[in-house]
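A.B. asks: Quick one: the structure is below, and I'll ask about it shortly.
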């Protein structure tokens, strides 16, 4: 953080506020860590973003906890914790470029599919919800631990297939990410990844996260269901495109 130029600091501020506004609106984000890897090392930004994510998810849960659907949380969490454990073990030897490209392609394709599907009448889920919960939970836990973000993308794929209303979607997503985030933070502490530089980045980003969550809450309240569904799909497209071209 001490080595960032004024332009780098301005970029850091914008990305933190914007990404947490998106997280506050949709219940998940994923833009912050990939975009901040342009100016900060993964070993600093990944644990810091995870700790910030815990707080932002807790803020959503505190506000909308009554809308949490505990069934989907319980279906995804065991697989998510399994993915977290594997991700922590891989974190110290992270080689991210090839994985990022594959993730970007998957996320972009699903975002385009979601935009198409939300322009048509809802259809029936063609795969077992339990299979989707375990596959997306485990992948989200693994990827989120390795990259400090993107866990919500995979959990959102499962929740999106369930056609959860926007308040239930956001609250359930926030609770799932809160519990998985705590597990990831414990894992980083266990492997000694929470360093002085990580805590400096965390402290610098904390007020920016708060501002972003407040903005996201206002945006969420203004969205109708169709607008919310399209926002989720657009987030998929943006994040997938970025991971493919960076």
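The values are calculated or read from the model by the stated rules, or taken from the named source; none is laboratory data. As the structure is a prediction and not an experimental result, all values here were calculated from the model. Heads up, the Cβs are rebuilt from the backbone with ideal geometry, glycines too, and the neighbour counts pull from every protein chain shown.
A.B. asks: How many of the residues making up the range 75-112 are modelled with pLDDT of 75 or more and under 18 Å from residue 238 (Cα atoms)?
C.D. replies: Of the residues in that region, 5 qualify.
A.B. asks: In this structure, does residue 123 turn out to be part of a helix (DSSP H, G or I) and either at pLDDT 70 or above or farther than 18 Å from residue 180 by Cβ (or both)?
C.D. replies: Judged against the criteria, residue 123 is not a match.
A.B. asks: Hey, could you check the range 1-31 for residues that are modelled with pLDDT of 85 or more and under 28 Å from residue 171 (Cα atoms) and say which is surrounded by the fewest Cβ atoms within 10 Å (Cβ to Cβ)?
C.D. replies: Ranking the qualifying residues of the range 1-31, first place goes to 14.
A.B. asks: List every residue pair whose Cβ atoms lie under 9 Å apart, where the two residues are 6 or more positions apart in sequence or sit on different chains, the first residue falls within the range 76-98 and is on the phi < 0 side of the Ramachandran plot and assigned to a helix (DSSP H, G or I), and the second residue, located anywhere, is modelled with pLDDT of 70 or more and surrounded by fewer than 14 Cβ atoms within 10 Å (Cβ to Cβ).
C.D. replies: Here the result reads 84/186; 88/186; 88/190; 88/191; 89/191; 91/191, each pair linking the range 76-98 to a residue that is modelled with pLDDT of 70 or more and surrounded by fewer than 14 Cβ atoms within 10 Å (Cβ to Cβ).
A.B. asks: Scan the range 228-246 for residues that are out of contact with any helix residue (DSSP H, G or I) (no Cβ under 7 Å at 6 or more places or on another chain) and modelled with pLDDT under 70 and jot them down.
C.D. replies: Passing the criteria: only 229.
A.B. asks: Just the residues that are under 16 Å from residue 174 (Cβ atoms) and loosely packed, with under 15 Cβ neighbours inside 10 Å, please, taken from the range 65-91.
C.D. replies: 65, 66, 70, 71, 74
A.B. asks: Could I ask something else about it? Evaluate the following for residue 181: is it crowded, with 24+ Cβ neighbours inside 10 Å, assigned to a helix (DSSP H, G or I), modelled with pLDDT of 90 or more and touching a helix residue (DSSP H, G or I) at 6+ places or on another chain (Cβ under 8 Å)?
C.D. replies: yes
A.B. asks: Might you let me know whether the range 154-167 holds any residue that is in contact with a helix residue (DSSP H, G or I) (Cβ under 9 Å, 6 or more places away or on another chain), closer than 19 Å to residue 51 by Cβ and either in a helix (DSSP H, G or I) or at pLDDT 85 or above (or both)?
C.D. replies: Scanning the range 154-167 turns up at least one residue that is in contact with a helix residue (DSSP H, G or I) (Cβ under 9 Å, 6 or more places away or on another chain), closer than 19 Å to residue 51 by Cβ and either in a helix (DSSP H, G or I) or at pLDDT 85 or above (or both).
A.B. asks: Being in contact with a helix residue (DSSP H, G or I) (Cβ under 8 Å, 6 or more places away or on another chain), modelled with pLDDT of 85 or more and part of a helix (DSSP H, G or I) narrows it down to one residue among 72, 34; which is it?
C.D. replies: Exactly one of 72, 34 is in contact with a helix residue (DSSP H, G or I) (Cβ under 8 Å, 6 or more places away or on another chain), modelled with pLDDT of 85 or more and part of a helix (DSSP H, G or I), namely 72.
A.B. asks: Would a scan of the range 204-222 turn up a residue that is touching a helix residue (DSSP H, G or I) at 6+ places or on another chain (Cβ under 9 Å), modelled with pLDDT of 90 or more and crowded, with 22+ Cβ neighbours inside 10 Å?
C.D. replies: Checked the range 204-222: at least one residue is touching a helix residue (DSSP H, G or I) at 6+ places or on another chain (Cβ under 9 Å), modelled with pLDDT of 90 or more and crowded, with 22+ Cβ neighbours inside 10 Å.
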